[in-house]
Each structure stands twice: as C-alpha cells, then as structure tokens.
1. Apply the Karplus parameterisation 6.51 cos²θ - 1.76 cosθ + 1.60, with θ equal to phi minus 60°, to every residue of the stretch 234-246 and state each ³J(HN,Hα) to the nearest whole Hz, in sequence, with x for glycine and proline.
2. Over the stretch 329-486, what portion of Cα pair distances is larger than 27 Å, expressed as a whole percent?
3. Rounded to the nearest Å, what's the spacing between the alpha carbon centres of the stretch 190-260 and the stretch 130-153? Just the number, please.
4. In what order, largest first, do 417, 495, 357 sit by accessible area if the probe radius is 1.4 Å?
5. What is the antiparallel percent of DSSP beta bridges lying wholly in the chain, to the nearest 5?
6. Amide H to amide H under 5 Å from residue 95: which residues, 5+ apart in sequence or cross-chain, H placed 1.01 Å off N in plane?
7. Among 150, 355, 94, flag the residue with its Cα farthest along the positive direction of the charge dipole of the chain, charges on Cβ as +1 for Lys/Arg and -1 for Asp/Glu.
8. Label the stretch 5-100 by shape, choosing from rounded, prolate and oblate, from the square roots a ≥ b ≥ c of the eigenvalues of the Cα gyration tensor; if a/c is under 1.5 it is rounded, and otherwise prolate applies when a/b is larger than b/c, oblate when it is not.
Amino acid sequence: SLAPTAITCFTRGLDLRKGTEDVLCPANCPLWQFYVFGDGVYASLSSVCGAAIHSGVITNAGGAVRVQTLPGRENYPAVNANGIQSQVLSRWASSFSVTADTKNTALEAVGRSVSTARPATGKRPKKTLDKKAGNKDCKADIAFLIDGSYNIGQRRFNLQKNFVGKVTVMLGIGTEGPHVGVVQASEHPKIEFYLKNFTAAKEVLFAIKELGFRGGNSNTGKALKYTAQKFFSLENGARKGIPKIIVVFLDGWPSDDLEEAGIVAREFGVNVFIVSVAKPTTEELGMVQDIGFVDKAVCRSNGFFSYQMPTWFGTTKYVKPLVQKLCSHEQMLCSKTCYNSVNIGFLIDGSSSIGESNFRLVLEFVSNVAKAFEISDIGSKVAAVQFTYDQRPEFSFTDYVTKEKVLSAIRNISYMSGGTATGDAISFTTRNVFGPVKDGPNKNFLIVLTDGQSYDDVRGPAAAAQKAGITVFSVGIAWAPLDDLKDMASEPRESHTFFTREFTGLEQMVPDIIRGICRDFLDSKQ
C-alpha cells in the first residue's frame, strides 16, 4: 500500500481530497488547541488528528489513521473523551470517520521521527519555557473578574485568590505570553490591576495575595459590563490581535442581570467565561433574577465557556482544564476572526446558459461557503445579487442576521434566465450592496460566479470595487473565459481566480474559498 500522507496537528477533514485517505498524525499535538465537532462521526471542519485522539484510534503519541469521507449531518454532539472536549454543531455539509490504519502501523516510527524530531533514545524532549517571554503558545489578554461580595465571604474569598494564583502560574505569564489583570466585583466594580502592570508570574502572585475583600452585593453584571468597556484599552496594556478574555468567578448567584453585560462584551469582541462555584440552592433560586444567566453571559452557550466547581476546597485538579480552555486560541469565537468579521457578497450569474438544475448547484455552493461563517448582527454578514443584463438584489447585508435565515433566503432564490452583463452587475453591487457598509468594522469580500463571456467590460468595474476596499474572488464555470476571470480577481490573481469545467466541481472549491477569505483577512490585520 502507499505510505500514509504526513499531516499537521491542525489539518481538517475538509483539507483532504480523497474519499478514503491514510494519513500520519504527528506526536505531541497540544490537545487543548484541537477544534473537534461531534463524536464517532465528525464534521469535516474538525481536526483529523484531534478526532483520532478523541475517538481513541491513536494517542497523543501520534500514528497512522484511515480517514473516510461521509455525508453531512444535522447534528454533531459535544462529548468529552481522551482529554478533548468536542463541540456541538447543528449542521454541516460533510463529515468523516477515523479508524486505525493497520496496514501502515509499521511505518509509524519512521514517520514520527521525521514529524516530531524526537531524539533517537526515544526520550521525550523537555519543553523549556523562557520565563521572561512566557508561554508563547498561549497569547491572551485575560481579566479575572473575582467575586468580592458578601455571598462569598472573607474565607472563601481567600481560597478564590489561591485558585486564581494557581491558574496564573500555569498559564505561563510573560512578555510574549498571556497577560493578566484583576477586577473585583461587589457593590461597585474595582480594577485592582491592569494587563500592563505585571508581566511576571511572581509579581502577579504578590499582587493577588495583597487584594483586600470589599463585600457588598454581587453586582456581577455591572462589573462585567464595566470590565468589557474599560479594561481592554491600548493604554491599559491590551494588545492588538490578541484574544480578549474575561473569566468571571461567581460564588452562588449574581444580584443583578448578566444578559445585557454579555451582549456588550460580545460587541467589544471579548470572550466571557463563567466559573461558577457552589450553585444556588433550591431556596436561593427564588432570589435569582434569571436562572439561565450563565448561558446569556458567556461568549457562546455551547458548554465550552462555562465551568463549574462544586466548592472552593480541593480546587487544584480544576486548574489545568481551565488553563487549557483559556489557551484554546481557535475556540475564542467572540474574538474578531475571519469567521465573524467579514461581509461576503455573492454576485450570481442567472443567464440562460446555466439552466435550472445547474443554478441549484450554484446556490448549494453559495450556501456551503456562507455556512462556514458566524453570521449575526455583530458578526459576519452575507448578501446576494443575481444578474443577467439586469441586476436583482436578492437580500442585503442587513436583511438577515442569523445563519438559518440567510441559508433559507439562499434556497429561495429563483432563477432569472437572460443575458450576461457582469461588469454592470459588479458596479451595481459595489454601489448598492457594499456602499452602505463601506465604513463598517467588517472586511468586505465579493465572490463573482459566472459561466460565460460577459457582454460588457469587467476590468474597470472590478478595479473600482477593489479601490473601494472590496476583495474580489472570481469563480468561473464551463465557458467562462480565463482572461475575464483574472481581470475581475484581486491580486495575487492566481489565488483569487477559480475555474471548474463542470458545475459539480463547485463543491470541491468551497474549502479553498473559505481558506482564501481567512488568509486575506489575516493579511489585512498584519
């Protein structure tokens, strides 16, 4: 049999091209950085090696894995297994399963020595941490919002400080690693120290030890809103492009409403975690304004951002799992990422040469690209225009602010049929679709889909769109001339121009388009 293909820790199912493929996972992948959706059958968005460890096919020592492509599913469950917490996903276009690749187990040792550069003795090299630089694999700006209310009391307040200190040490604080600060929630919030004040664990530990108990009501909502708005400024030490995190410690229940504070935090691009200790008793629940306060305050109510400890005693075993969560850069869904900070406009050819059945394949492609993004009122947005000689706006960036409604709107687009005037359509879309959002926070992308020669000039309108800050991807099918496609595409043209002879080939382009959008988004942030 052929030798398995060596892949990285973060190669996803959708990055593999064959229906069945033998791959070789490296050793020592950081478990907490895996992105895995499902259990047994995984969404193709998942890391292959992460799924293999999660399902028990291999350990973190790496090894050969057989990957089988499967159809999409309606529901991928969240399950904690073998040190990896998989996430819930309601729907995805394709899946995969993993099994042991028995034919290639003999090759593992060879593959592994190359992929991980392990010494010949077989001993695992010690990971050295430059104490001043800190843990470079865990870049995050973190505010610990500690409970200083009468709910917790002086004794448990001191135990809380000890726990925060242990988390701080394990994070690996340093100039190039995580930075932390502390805010105390009570009657009125108080910033105890900022991100910029200390960059060494020893200094932070001393500062935490010196914190005094304030007392008063647990106005956690007020403190969370205040922290999201005031704490992460550049003057106070926040760094550009680094995930912003608030870890809220809550003993019992909050005295005020957390929902509005959670919304404000998400608008400011802050990832909120809630660590709840000693849940309210049945009698106490009557005093809680909203028993669903955790789900409304956290970044996403998918289980990842909430963390429970039964008591403040014996908390050492809870330190590492919390640190792993805080260092999972890819899971910080509320940070500004390519998935939640883009506007994607689809310009869809509705000319008579396409035909009804092929037009449905085009809409399926549009849906599969849109599906990958976090669509919301404060996240990514999608718009669509269909064109022949005329242009018909199907929906604008502000018409639908949930993924379900966008996908439903795409499915309901009816086929126009007519001629092909792509240049006019680009000008129309630049002016009427992107014009209203040109000063917004999101980066703008236009995906032009066409199957033939345009009757008008495309170069001038495409250049004007790019001058207006829109990155253009051109996707050609069947008789679309390559020169036209390249004239429309942004630079470098090779990576923004796509072509397939058959409409069925559109599906294979989806991962490359998504990757291209993310690459351009990251480049724009550099």
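1. Each residue's phi maps through the Karplus curve to give 4, 5, 8, x, 5, 10, 5, x, 9, x, 9, 10, 10 Hz.
2. Working: 2413 of 12403 pairs.
More than 27 Å apart: 19 percent of the Cα pairs in the stretch 329-486.
3. 8 Å
4. Details: 417 60, 495 35, 357 85 Å².
Descending order: 357, 417, 495.
5. In the chain, DSSP labels about 35 percent of beta bridges as antiparallel.
6. 44, 70, 72
7. In the chain, that residue is 150.
8. Oblate is the answer for the stretch 5-100, as a/c is 1.5 or above yet b/c matches or exceeds a/b.
The values are calculated or read from the model by the stated rules, or taken from the named source; none is laboratory data. Here the structure is a predicted model, which means the values were calculated and not measured. With ideal geometry, Cβ positions are generated from the backbone for all residues, glycine too; neighbour counts draw on all protein chains shown. Note: accessible area is taken over every heavy atom of the protein model, side chains too, but ligands, DNA and RNA are not part of it. Shrake-Rupley method; radii C 1.70, N 1.55, O 1.52, S 1.80 Å.
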